[in-house]
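Read the structure below first, then the notes.
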Amino acid sequence: MAYLPKKRAFHSKDFGSAMKLLKILLSSVLVLILLLGCLYYNRLILLRYSLGWITDIRYPREPNHPVPWQVGLDFPKEKLKNRPPNIIVIMADDLGFNDVTTYSGGYADLGVPTPNIDSIAKEGVRFDSGYSGSAVCTVSRAALMTGRYPSRFGVEFTPTPGALARVGADLYSDPNRLYPVIIDKDKAEKTKSFNELGMPTSEITIAEVLKSRGYHSVHIGKWHLGSTEAMRPNKQGFDETLFMESGLYLPVDDPNVYNSKQDFDPIDRFLWPNMRFGVSYNGGKWFEPSRYLTDYFTEEAVKVIETNKHRPFFLFLAHWAVHTPLQASKEDYDALPHIKDHRKRVYLSMIRSLDRSVGKVLASLKKEGLDENTIVIFTSDNGAPNYIGLPDVNSPYRGWKLTFFQGGIRVPYLAKWPGHIKPGTKYQNAITNIDILPTVASAAGASLPEDRPIDGVNLLPFLKGKEIQKSRPLIWSDGYYQTVQSEGWKLIQTERPKKKWLFHLDTDPLEKKNVVSLFPDTLAKLEKILVNYNSQMPKPLWPSFIEFPVSIDKTLDQKQEPDDEYTYWVN
């Protein structure tokens with residue numbers, strides 16, 4: 001007979017153990033639900049801080065150390081006279097038309113003139129119709145680097161961090177705003193990572209064009225044309241790059257910095273916790289700059305001039321100033337005690353440091369005996385934005401960064417080349433970023449690429465008075481938002497709102513009167529130019545997935561009214 005084990009009697013203590021286990025499980029589930037609820041409730045905070053936390057883990061920053069700049073060979077002095085000119089392009093970031101005193105007075109009345117920037121115009125040319133390549137940074141810089149409309153190679157939009165896109169609509173959920181931010185989250189999720197978006201490596205940069213003439217090319221500062229190894233400056237023709245990896249001018253708690261936070265701006269609230277203080281050299285590890293970022297880049301630019309004085313060099317000094325986050329050095333802030341508004345004082349302090357930078361670069365050229373054989377160009381990537389809450393930055397023009405009104409694309413544009421450009425020249429014809437590459441290539445005696453269209457023109461014959469520049473259409477494109485300027489007329493058209501603006505700039509330079517209904521023939525002519533332009537362009541390399549409403553005449557902190565003019569920026 002098979003042995004059957006006795007059934008174990010069920011005691012009360014077993015019931016108690018089961019109940020205890022059940023309570024533990026229920027408590028764990030409850031804690032998990034509460035935790036998930038807390039995470040969901042605070043998802044904006046988590047997403048807002050996540051980029052910074054990830055950056056700290058992936059890219060730990062080393063203490064500051066010297067940059068090992070490559071030293072040029074010591075050529076005999078008699079050969080210096082026959083070498084091609086050095087070329088320095090200084091690009092500010094988000095600098096408004098009214099921030100430079102040589103144009104409309106700027107802030108000289110507040111004790112913040114820009115004498116060093118102005119000196120370039122006094123010793124050379126002031127372009128009175130100088131335009132950026134776009135109303136936003138990446139596209140504008142791509143135009144500068146290639147001499148081509150960036151739409152030709154699919155760069156239509158500025159790369160946006162996925163974390164920012166994911167929280168964008170929620171960040172802008174203020175019920176007091178008349179027009180919402182529109183985000184296609186599906187497109188945002190499918191788009192490549194922020195670092196992978198940028199200018200195709202097949203594009204030929206200024207540095208690559210100058211290589212054939214023996215130039216040593218150096219990039220310092222902002223790039224924003226891609227962060228993968230193949231897209232970085234040192235893989236795009238530059239021999240060296242001191243690469244701005246993040247966006248703080250100094251750590252937020254540094255005793256030598258004054259911060260101005262714009263709580264009314266959701267993007268500003270995103271930047272502060274996520275930006276870091278770090279640079280890298282030629283793709284190496286991140287390390288901290290030695291001082292306030294604008295001064296640090298300037299200090300290193302001076303070293304580049306010193307180490308390359310015996311060979312032709314191209315220096316692209318791409319400052320972060322005066323882009324947000326607004327941070328001023330203590331030195332500059334303390335020099336402006338009469339400015340009582342804190343935000344304006346910080347901003348003007350940043351302009352002061354930018355002007356000092358230009359002065360030190362020019363002084364270094366003089367010290368090394370290079371000023372007579374160096375082309376210096378100064379400009380900004382686009383106009384100043386409305387989200388810093390300062391109404392006069394683009395005065396007297398309407399519009400801001402992220403718009404194609406004059407305030408978004410009319411920028412300071414100055415250049416000098418002693419012995420070639422007559423001091424005090426004021427050039428009236430429209431020029432833009434696409435003209436820089438063909439102009440400096442001509443000055444250097446370098447050939448332009450023949451396997452692709454170059455949209456810019458060589459300005460030297462016009463600046464020297466040998467030829468008169470012919471009128472040509474200039475085009476700016478941002479998805480469905482486009483602008484063409486031709487023969488004194490300017491057309492702005494957009495789908496959101498579905499509207500067209502037509503201005504006769506010769507009689508209405510401030511774009512006050514929309515005459516679109518009065519000149520149908522002119523409208524048709526300009527529309528045809530855009531249709532022809534669009535027919536030549538490929539699809540963008542990555543899609544737009546976020547659309548920002550921008551008031552044409554108001555800063556972000558000013559109350560919007562239903563009859564205010566506005567447009568949407570596609571990105």
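Read-outs throughout are calculated quantities, based only on the coordinates presented, and are distinct from any laboratory measurement. Not measured: the values here are computed from a predicted model. Using ideal geometry, Cβ is built from the backbone for each residue, glycine included, and neighbour counts are taken over all protein chains shown.
Values for this structure:
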quantity	calculated
In nm, spacing of pseudo-spin labels at Arg58 and Lys185 (7 Å Cα→C-beta vector)	2.2
Highest-first arrangement of 527-534, 456-463, where packing means the average Cβ count within 10 Å	456-463, 527-534
Straight-distance crosslink candidates among lysines, where the alpha carbon sits under 25 Å from Lys500 and sequence neighbours closer than 8 are dropped	Lys401, Lys490, Lys512, Lys513, Lys525, Lys528, Lys539, Lys554, Lys559
Percentage relative contact order, the chain, counting C-alpha pairs under 8 Å, at least six apart	24
Virtual spin-label span in nm between Asp564 and Phe264, 7 Å along Cα→Cβ	0.8
Linear extension gain, Ser290 paired with Asp506, 0.36 nm per residue minus alpha-carbon span	72.9 nm
Approximate spin-label separation Asn82-Asp253, in nm, with each point projected 7 Å along Cα-to-Cβ	6.1
Per-residue ³J(HN,Hα) for the stretch 452-469, Karplus 6.51 cos²θ - 1.76 cosθ + 1.60, θ = phi - 60°, Hz, x for Gly and Pro	7, x, 10, 7, x, 10, 6, 8, 4, x, 6, 5, 8, x, 7, 9, 10, 5
Euclidean distance of C-alpha centroids, the stretch 494-571 and the stretch 231-250, integer Å	33
Residues of the stretch 510-545 with amide N under 20 Å of the 7 Å Cα→Cβ point at Leu448	533-534, 536-538
Prolate/oblate/rounded call for the stretch 233-297, Cα gyration tensor, a/c under 1.5 rounded	prolate
Trp69-Ser104 FRET efficiency (beta carbon distance; Förster radius 51 Å; 0.05 resolution)	0.85
Centre separation in Å (Cα based) which lies between the stretch 104-138 and the stretch 427-482	20
Angle between the chain longest axis and helix 137-146 axis [Cα atoms, degrees, rounded to 10]	40
Cα centre as origin, Lys/Arg/Asp/Glu Cβ charges: the chain dipole, Debye	1380
Cα Rg, Dmax (largest Cα-Cα span) when computed across the chain, Å	27.3, 121
Alpha carbon Rg of the stretch 424-571, scaled by the compact-globule rule 2.2 N^0.38 Å	1.24
Helix 293-307 vs. the chain, principal-axis angle (Cα, 0 to 90°, nearest 10)	50
Cα gyration tensor shape for the stretch 200-250, rounded if a/c is under 1.5, else prolate or oblate	oblate
Rounded, prolate or oblate (a/c below 1.5 giving rounded, otherwise prolate when a/b exceeds b/c) for the stretch 348-446 by Cα gyration tensor	oblate
Principal-axis tilt of helix 162-171 within the chain, Cα atoms, nearest 10 degrees	80
